[in-house]
Amino acid sequence: MSGPGLAPATVAETEEAQPRHRLALLTISAAQLLFLLDATVVNVALPNIQRSLGFSGSGLEWVVTAYSVTFGGLLLLGGRAGDILGPRRTFVAGLVVFTVASLLAGLSPTPWWLLVCRAGQGVGSAAASPAALALIATTFPEGPPRNKALGAFAAIAGIGGPLGLVVGGVIATYLSWRWVMFINVPIGLLVLALAPWALRETERRRGRFDLPGAFTGTLGVTLLVFGFITAATDAQGVAHWTDPLVLGTLGAALVFGAAFLLIERRSRDPLVPLRFFADRQRAGTYLVVVLQNAAMFGVYFFLTLYLQRVWGYTALQTAVVYVPLSLLLMGGAKVSSQVVARTGPRALILTGLAVAAAGLAWLSRIDHSGGDVTGMLMPTVVTYTGFGLVAVPITLTALAAVDKKDSGLASGLFSAARQVGGAIGLAVLGTVAWAGVAAAAASLEGSGAGSAQVADRALAVGAGRGFAVAAGVTVLAMVVAAATIGPARSASAGTSPVGPGEADPATAPTARQ
């Protein structure tokens, strides 16, 4: 039903655009699912890859790291490329690179070949992923259409990682590991075939690439992600914070970061205009995204470890556990996309973070003898429901008051914040958990318990401490959100800023439907 001020022509255009919008959302979501699957799908297949190609133990870690580092490090450059070249062009180009790299990765005859291809997949994802989010902002009109589209996009983001573990487990069990790579090819080709029909190109922005800023910014983020990934504890619980490589990498990241800020202050066409962070709400939103993802990665890491080590789950059984939890993320995103226009993002973000923090605090009481329902299921249901409520409003807030010419940059910064937050969470919270394991194991020695029982109890203690820290990080995110995200803003109803010559959405007739 149209609003009283909506002209018949506008109604007809809106109804005509609906099938195209649905096809556009399907195309964008399919590509995003592909990129997120690739971040985890290879994990389960790593033993098979090692046996097939003869990887060393340390070299095998790079099968995952090569993708994560290039993906995280190039997101800023990929986002700005979408602004200058156009989001659809950048999306298609990135997807082509990703699909070709996937095909070549499946054909890998040697370890170095596979690592180069995994890095190529990361490059393609870094170009196409922020362009996908920017295409939602430029394709769907503000208000309910955009809210629903972001709800679907957030739901895909929530289920991508766990689904990758399930798919990887099935392929590793019944097929060759090479199909972990080959499966990307037909999906990529299908999305590439749909893109010209489903996605409209926006005008190219006049400008040039800030090469010094791109060099220092990309290196800074890449080294930061790499440093935190390298510092993360390994399977034996050994932290690497004193490793010269970690210290040198993080130090270099700080140097390049400082150089990047200096260059951006003086550049006539900066990669990331510093005015972008002058808005307190936008800067606070990105910090909330970093903190939220640090906590979420901690849950994912510790819960996986607990299920496999203490409860004896296989990798595939563990992945299956995440399917219903991922559905909670999808459900929370769907609910929030429907009510955010009435409540505003701030209320949903604070509520979701409070619920997630309560779930994590409950989960921190997990014990090696805890039951399935009260020890793990119920607190994780609470946690994932809370994070699901946050997904859509935090995305809306990150894109609020952003000019269309900067939509790719905003999307790239949002994705980079998620990657950096995940790397920090894995490193910092992992260190806390393993320190707890070591302390608990030392205190239990001589208690008369068997070595296996001691190991289980110690791991329960360490995981509990990790969950407690994750709860604290989530509370900190809630405090930052309360201090920086305001209740009164046009974007609170899912709208975009008013550009030159445009009507104010707050007073336009269509805003009162």
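May I ask you to list the residues in the stretch 175-189 that are free of Cβ contacts under 8 Å to residues at least 12 places away in the same chain and over 17 Å from Gln50 (Cα atoms)?
Pass one, the stretch 175-189, residues free of Cβ contacts under 8 Å to residues at least 12 places away in the same chain: 175, 186.
Result: Pro186, single match.
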(Q) For the stretch 284-318, which positions are under 19 Å from Trp362 (Cβ atoms) and over 22 Å from the mean Cα position of the chain (by Cα)? (A) Tyr306, Leu307, Val310, Trp311
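In the stretch 171-181, what residues are surrounded by fewer than 17 Cβ atoms within 10 Å (Cβ to Cβ) and in contact with a helix residue (DSSP H, G or I) (Cβ under 7 Å, 6 or more places away or on another chain)? Step through it out loud before you land on a result.
Taking the stretch 171-181 first, the residues surrounded by fewer than 17 Cβ atoms within 10 Å (Cβ to Cβ) are 173-176.
Selection gives Thr173 alone.
Residues checked against (1) among the basic types (Lys, Arg); (2) at pLDDT below 75:
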position	(1), (2)
Thr139	no, no
Ile156	no, yes
Val167	no, no
Arg178	yes, no
Pro196	no, no
Arg200	yes, no
Q) Which of the residues belonging to the stretch 43-69 are within 17 Å of the chain's Cα centre (by Cα), crowded, with 23+ Cβ neighbours inside 10 Å and β-branched (Val, Ile, Thr)? A) Val69
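Restricting to the stretch 270-282, count the residues that are surrounded by fewer than 14 Cβ atoms within 10 Å (Cβ to Cβ) and in contact with a helix residue (DSSP H, G or I) (Cβ under 9 Å, 6 or more places away or on another chain). If you could, list the steps in order and put the result at the bottom.
Start the filter on the stretch 270-282 by keeping residues that are surrounded by fewer than 14 Cβ atoms within 10 Å (Cβ to Cβ), which leaves 274-275, 277-278, 280.
With the extra rule that they be in contact with a helix residue (DSSP H, G or I) (Cβ under 9 Å, 6 or more places away or on another chain), the set shrinks to 274, 277, 280.
Adding up the residues that qualify gives 3.
Rundown of residues vs (1) of a type in the set (Phe, Trp, Tyr); (2) within 10 Å of Gly462 (Cβ to Cβ); (3) at pLDDT 80 or above, yes/no style:
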{"residue": "Phe414", "(1), (2), (3)": "yes, no, yes"}
{"residue": "Arg418", "(1), (2), (3)": "no, no, yes"}
{"residue": "Ala423", "(1), (2), (3)": "no, no, no"}
{"residue": "Ala433", "(1), (2), (3)": "no, yes, no"}
{"residue": "Leu444", "(1), (2), (3)": "no, no, no"}
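Of the residues Gly371, Gly388, which single one is at pLDDT below 75 and not assigned by TED's automatic domain parsing to the domain that holds Arg146? Spell out the reasoning first.
Working: Gly388 fails: at pLDDT below 75.
After applying the criteria, what remains is Gly371.
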Q | Pair list, Cβ under 6 Å, 6 or more apart: the stretch 248-270 residue over 11 Å from Thr222 (Cα atoms), other residue of a type in the set (Asp, Glu) and buried (at least 17 other Cβ atoms within 10 Å of the Cβ) | A | Ser267/Asp210; Asp269/Asp210; Pro270/Asp210; Pro270/Glu264
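The values are calculated or read from the model by the stated rules, or taken from the named source; none is laboratory data. Remember, it's a predicted structure, so these values are computed and weren't measured experimentally. Please note: Cβ atoms are built from the backbone with ideal geometry, for glycine as well, and neighbour counts cover all protein chains shown.
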